[in-house]
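First up is the structure itself, then whatever we jot down about it.
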Amino acid sequence: MSDHIFLIGPMGAGKSTVGKQLARTLGRPFFDIDHEIVKSTGADIPWIFDMEGEDGFRIRESKVLGSVIDAHTAAVIATGGGIILRASNREVMSATGRVVYLSATKAQLYERTKKDKKRPLLQVTDRRAVIDELFDLRDPLYRSLADFVFTSGSIQIQRVVDDIAEQLSPS
Ligand code: S3P
């Protein structure tokens, strides 16, 4: 079994930033699933949603998750907010590593994403309502999958990273 560390949580929780810094702190390779999807598709995420819909994106997301997991060992892997929607993604993450939920409040998530132009699900008139709805739907899934829950809220990134590193070691 490989010993990956998966960062899960909503859009705007800071998974990529925390993940990158956590990987550096632990001396592990870092992968960002959204970034790997863009690399393998040769198109950005809004384009994939436009052309293939959310379903097409989810198919690509599961494939990329599987190949990153298989191609590496002991990596830090930042995932997209919707990765937990498919049971097969949840199962493969549980089976191949430890899962860290980076949580934040609805208000913090709104603040951090209010200028976003790249996340298709947030390009709506009432962004606050979508953030609330996704939170209510997904927070129980994040919690049930997570081995650890950390608040990324208003604390400094490095503190969150240090807390996670301390909890996770020795690996
Ligand atoms: C999504 C989150 C995004 C990206 C896509 C869909 C979601 O990733 O995968 O826009 O369903 O929550 P981030 O959580 O990194 O923003």
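The conditions of being more than 10 Å from the ligand (Cβ to nearest atom), buried (at least 20 other Cβ atoms within 10 Å of the Cβ) and more than 9 Å from the chain's Cα centre (by Cα) are met by Phe31. Here is the figure for segment 64-88: residues that are assigned to a helix (DSSP H, G or I), out of contact with any strand residue (DSSP E or B) (no Cβ under 8 Å at 6 or more places or on another chain) and either near the ligand (Cβ under 10 Å from one of its atoms) or farther than 20 Å from Arg119 by Cα (or both) total 7. In this structure, does Arg143 turn out to be within 23 Å of Ile37 (Cα to Cα) and of a type in the set (Lys, Arg)? Answer is no for this residue. Summed over segment 36-47, residues that are within 9 Å of the ligand (Cβ to nearest atom) and surrounded by 15 or more Cβ atoms within 10 Å (Cβ to Cβ) total 2.
Only one entry of Asp126, Asp162, Asp147 meets the criterion of being over 18 Å from the mean Cα position of the chain (by Cα) and touching a residue at least 40 places away in the same chain (Cβ under 8 Å), and that entry is Asp162. Using the structure shown, decide if Ile37 is over 20 Å from Asp147 (Cα atoms), in a helix (DSSP H, G or I), within 14 Å of the chain's Cα centre (by Cα) and among the β-branched types (Val, Ile, Thr). Yes; evaluated as a whole, the condition is true for this residue. No other residue among Leu26, Leu22 is more than 18 Å from Arg119 (Cα to Cα), hydrophobic (A, V, I, L, M, F, W, C) and open to solvent by 40 Å² or more (accessible area, probe 1.4 Å) apart from Leu26. Scanning segment 127-167 for residues that are of a type in the set (Gly, Ala, Ser), in a helix (DSSP H, G or I) and open to solvent by less than 70 Å² (accessible area, probe 1.4 Å) yields Ala129, Ala165.
Residues in segment 89-99 that are part of a helix (DSSP H, G or I) and of a type outside the set (Lys, Arg) were compared, and the one that is farthest from the ligand (Cβ to nearest atom) is Ala95.
Could you check how many residues of segment 77-115 are more than 24 Å from Leu22 (Cα to Cα) and exposed (fewer than 13 other Cβ atoms within 10 Å of the Cβ)? Going through segment 77-115 one residue at a time, the tally reaches 5. Can you say whether Gln108 is among the polar types (S, T, N, Q) and closer than 21 Å to Ile37 by Cβ, as far as the supplied structure shows? For Gln108, the condition - among the polar types (S, T, N, Q) and closer than 21 Å to Ile37 by Cβ - is not met. All but one of (1) at pLDDT below 95; (2) open to solvent by less than 40 Å² (accessible area, probe 1.4 Å); (3) more than 18 Å from the chain's Cα centre (by Cα) hold for Met1; which doesn't? Only one criterion is unmet by Met1, namely (2). Only one entry in Thr96, Thr79, Thr25 is of a type in the set (Ser, Thr, Tyr), touching a helix residue (DSSP H, G or I) at 6+ places or on another chain (Cβ under 6 Å) and under 22 Å from Leu121 (Cβ atoms), namely Thr79. Based on this model, can you work out whether Glu54 counts as within 9 Å of the ligand (Cβ to nearest atom), modelled with pLDDT of 95 or more and farther than 17 Å from Val99 by Cα? Yes; evaluated as a whole, the condition is true for this residue.
The values are calculated or read from the model by the stated rules, or taken from the named source; none is laboratory data. Just so you know, these numbers come straight off a predicted model, no measurement behind them. Cβ sites come from the backbone with ideal geometry, for glycine too, and all protein chains shown count toward neighbours. Areas reflect the complete protein model, heavy atoms only, side chains present, ligands, DNA and RNA absent. Shrake-Rupley method; radii C 1.70, N 1.55, O 1.52, S 1.80 Å.
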